[in-house]
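Just so it is clear, none of the values below were taken in a lab; they were calculated from the coordinates. What you are looking at is a predicted structure, and each value in this text was computed from that prediction instead of being measured. In this analysis, Cβ positions are derived from the backbone assuming ideal geometry, glycine residues included, and neighbour counts consider all displayed protein chains.
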Amino acid sequence: MQRMKIGFTRVTLFGITLLALMACSKKTESPKAGQTPGTQAQLAGAEGRILNFSNLAEPEYLDPGLASGNIEFNLSLSLFDGLVEYDPKDLHPIPSIAERWTLSPDGKVYTFYLRKDAKWSDGHSVTANDFSYSWERVLNPKTASKYAFVLYYVKNGEPYNAGKITDPKQLGLKVIDDTTFQVTLENPTPFFLEVMGYATFRPVPKWVVEKFGSSWTRPENIVTNGPFMLKSWVPQKEIVVMKNPTYWDAANVKLAGIRFNPVDDKETALKMYDSGQLDIDWELPTSKIQMLMPRPDFIQNPFLSTYFYRINVTKDPLKNMKLRQALGHAIDRDALSNQYLQKAEIPSASMIPAGIKGYTPAPGLEFNPELAKKLLAEAGFADPSQLPPITIHYNTDDRHKLVAQVVQQMWKKYLGINVGLLNEEWKSYLKTQNALNYQISRSGWIGDYPDPNTFLDMFTTTSTINQTGYSNPAYDALISEAARTSDQKKRFALLHQAEALLLNDAPVIPLYTYKKMMLVKPYVKGFYPNVQDLHPFKFVYME
């Protein structure tokens, strides 16, 4: 997932990364800090208080089928419910709209049995047709969902998304009756249930989408089926959700609501947290990490995520692989992480973070300034002053700015080249990256599931979130063969080969593995740090 601070886009972790705002509201009167949104009548029976959460930036979408980063996923997991939900502690899949499921002996056919008491916020029942429609909608090329690739595990998902198959009936999606939904996969996929917790797999109301089009997520139009429902959206200020009384598990939702604050300045967010305006500070300023570590409300944990630079390989001069390799070898990641980032991250030239059981990451383009100079000369730039201008894009964030400045200095020091910097706010940055209107672009990725494939399959030629222009048939073949291989040892060997090839071709330059650090008030319960930084808010409460 593309990560903003990612990133963002999990990705980021997923990363990583990723358009005009289709879901904004008319400006409305919003609750003051600490107040419960809505009237008392609207919240009759609601327990608890409003949770104030720093969500880093304006979301690109509220539509779960179009979401692509943790900023959007926080909202999607609150507003929409899927067949499975994440366990809040370790993110293993637990029953939700699907009360139970079965898997065929060949590992390719799931049959989900839906609960009969699941409702949309307008009173409609949640049915198997809702899931079939929503999954087909994501895969439909007209939707242009950047996360459509996570549904490629479904039979004919990839060719349908590519327009090679036009009949949705050929997809491995079958509605047996209102409460029975059958899914046929291309290959046995051990992590399929883990992926299904993602926003992309959560249903949308067909009758509302078709009536209102791209404005279906406006507060006056939106219909949801999750633990919360949208109350108001004041752009650049707040998004407020309130407890959904029609939710099938409403009795166990303890928060009255959540206020998502799009605070992209981490110093400001920290001040808001310390003054009581935020209950969770989701991302901390790098300059304050060492000072904050001793605090009892400071939380740090390993994170299945990678911070990296995407390189647009479709335009000169970065079409030149040796130039890209030179850039990768001219970054001192140890100095970046330990000196400039105050040991807050783990230096790494690998795309896949360490810690996935049974998998050894490929080493990547390690720091070697002499080799970097040699490669630069072989690329045709023995005189660095002859290199055409290169610019690093990054989304507005103090840490991204710092990293870009450090890399800029290293490339000047070790290669003698001058590099420009350009920051953009989150949504513009996503547009720029998606349109390949950049040269080098900051990215982050949070693993969608604990498997190396989640960091690799997005760089295949047909991936909707490749966003580098990279295309290597040998790489595609390795990823495809790994998907058909059930022997885990052989599968990991194939993925290791793919990672090594990707790193050598250098459409990406990994810089470090994230550590997740945040501040959480001691009275906030049910909010657990985890390796994917995903948080189902239905389990959160405040004492």
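For region 507-518, what does the Karplus curve 6.51 cos²θ - 1.76 cosθ + 1.60, with θ = phi - 60°, yield as ³J(HN,Hα) per residue in whole Hz, taken in order and with x for Gly and Pro?
Karplus-based 3J(HN,Hα) across region 507-518 equals x, 9, 10, x, 10, 6, 9, 5, 10, 8, 9, 7 Hz.
Show me 329-338, 434-443 ranked by packing, highest mean number of other Cβ atoms within 10 Å first.
Values: 329-338: 20.1, 434-443: 21.7.
By packing density, highest mean first, the sequence is 434-443, 329-338.
Rank the residues Glu72, Glu370 as a footprinting-exposure proxy: fewest other Cβ atoms within 10 Å of their Cβ go first.
Glu370, Glu72
Using θ = phi - 60° and the Karplus form 6.51 cos²θ - 1.76 cosθ + 1.60, what ³J(HN,Hα) does each residue of region 150-161 get, whole Hz, x for Gly and Pro?
Once rounded to whole Hz, the list reads 6, 9, 5, 5, 6, 3, 6, x, 5, x, 5, 5.
How much net charge surrounds Gly364 when only other residues with a Cβ under 10 Å from its Cβ are counted (Lys, Arg +1; Asp, Glu -1)?
Values: positive: Arg333; negative: Glu366, Glu499.
Value of the local net charge: -1.
Would you please give the residues with an amide H less than 5 Å from that of Asp81, counting only those at least 5 places away or on a separate chain, with H modeled from the backbone geometry?
When sequence neighbours closer than 5 places are left aside, the close amide H contacts are Asn225, Gly226.
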